[in-house]
Each structure stands twice: as structure tokens, then as C-alpha cells.
1. For Leu141 and Ala55, FRET efficiency with R0 = 22 Å and r from the beta-carbon atoms, rounded to 0.05?
2. How many lysine pairs does the stretch 24-152 hold where the Cα atoms are under 15 Å apart and the two sit 8 or more places apart or on different chains?
3. Using unit Cβ charges (K, R positive; D, E negative) and no other charged atoms, how large, in debye to the nearest 20, is the dipole of the stretch 24-152 about its Cα centre?
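Nothing in this text is a laboratory measurement; each read-out follows from the coordinates by a stated rule. Fair warning: this is a prediction, and the values are worked out from it, not measured in the lab. Glycine gets a Cβ as well: all are built from the backbone with ideal geometry, and neighbour counts include every protein chain shown.
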Amino acid sequence: MAETKVAERTQAYKPRGSSDEEGAAGMAVKLNNTGFEYAQELIRQGKVVHDERDAWSEHQPSAEDENNFIRKHGLSAFGKWHLGIDDEHGENTKGRYKFPYGDFARVHRCGVLSAESRAGQYKHYDIENAAAHLHGMIESLKVAPAQGAKARR
């Protein structure tokens, strides 16, 4: 049964193509595949902060940090740090990007958990599933070293 849940979760994070599946809230928010893929790569590289669930309000970049990052790297790079895109905002606007997950250097567990929770609350299921997948990847990083230690004993 646990394997079924993992298989469902793994398949469920893939973006959905039809516009009627973008969430009951009526907003045109959809999964940012570029941001999702970038987050996966960062996690694979171990660029993760294993922080507590409620730490995001303290760890998330400030508006000033965001603006400085955009000035240095551009909006495209800024967008890679978000799991959602809001089509109701123009392509060259900061407001287009939703559901941040990191601090422009590392993925934060608390940011991923916040994105997962808020996406589910607003019925953006593709984003919720993507965040759940990232959450699982982060948790597996915590488990893998412990399993390796047991195997060596």
C-alpha cells in the first residue's frame, strides 16, 4: 500500500495540460516546470536546509533580497526559485511568480512545506503534488545516511 502511495505521488506531480484543472480558486496559477526541475537538481546536489516547518517566515528572502537578486540575475533566474506561475501577471513582473521554496542559494524544507500547504489550500494540485515530491526528496536525504550507517555495522 505504501508503494502505491509513492507511485501515485511520483506520477501525480506531472503538470496537467487542460486549463480547467488549474484550481478552483479561478486564478491562472500553474506549475512552474523550470522552478520544479531546478529545485530537484538543487536537492540532488545536497543544497538543502533541513529546517523546521514553521521557520519559513524567518528564512524566506525579504522584498529587498528579492529585488537585489533580480537586479543581479534577472527575472528568469528569480522565477526558478518558485513553483508557481500566475498567468494573470505579465511575464516581466515579479508578481508572476508564486510559491517560493528557497533563499537563492539553497532549498529550504520549510519553504517546500509552506508551498505544499498553501497550494493545497488554494486547490493548485499540480503545485501541491510537486512540493510533496520535493518534500519526499528532502526527507530521503535525512534517511539515506542513517541507513548506510546501519548497513556498515
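1. 0.80
2. Lysine pairs meeting both conditions in the stretch 24-152 amount to 11.
3. 480
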